[in-house]
Amino acid sequence: MTNRERAQERLNNAACKLTIKGAQEAIAGYQRSIDYYNSLPIWKISAYDIQLELSRTADQIEILEAVIEILTEQAEAEIAVGTIQTIVTLVKSFPKTTVMRKMVAMIANKLRKLGISLSECFRRAWSLVKGFINNDGIGGEAHYGSSN
């Protein structure tokens, strides 16, 4: 089972309500634990129990990183859908390029709140908008001037 599958299983668990911030805080806690174990004298670190605990902690960090990735993708999709629903009404009022720029800016600003770097936000927003426009034809020439 891959880390992504394990992360998805953890997210599907009804008792588990993970958030991106909660997962980041858990990773920080696990990292503090690793730092503590690494600060021990070498003869204590070589003990089997400590090595096993370090391995388990590293596995938990990898799973939590996969959880963050999944939650970020879900949040991106929700942001894109919400923004696109808002913008679709503007398609008939503004030129296609203006609508696309507004969509990219709105999505990028919402993604920025997830803690993603600004350049990555704009890259992801542009790919979402481009995919939406190419797949659905919204903003295409066929939609201008029509009452649809």
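The values are calculated or read from the model by the stated rules, or taken from the named source; none is laboratory data. Not measured: the values here are computed from a predicted model. Virtual Cβ from ideal backbone geometry, glycine too; neighbours counted across all protein chains shown.
Looking across region 46-103, the residues that are crowded, with 17+ Cβ neighbours inside 10 Å, of a type in the set (Val, Ile, Thr) and at pLDDT below 80 come down to 79, 83, 84, 87, 91, 99. Checking region 38-53 against the condition returns no match, with no residue being among the hydrophobic types (A, V, I, L, M, F, W, C), touching an Asp or Glu at 6+ places or on another chain (Cβ under 9 Å) and at negative phi.
For residue 32, the conditions (1) under 19 Å from the mean Cα position of the chain (by Cα); (2) under 14 Å from residue 60 (Cα atoms) are fulfilled apart from (1).
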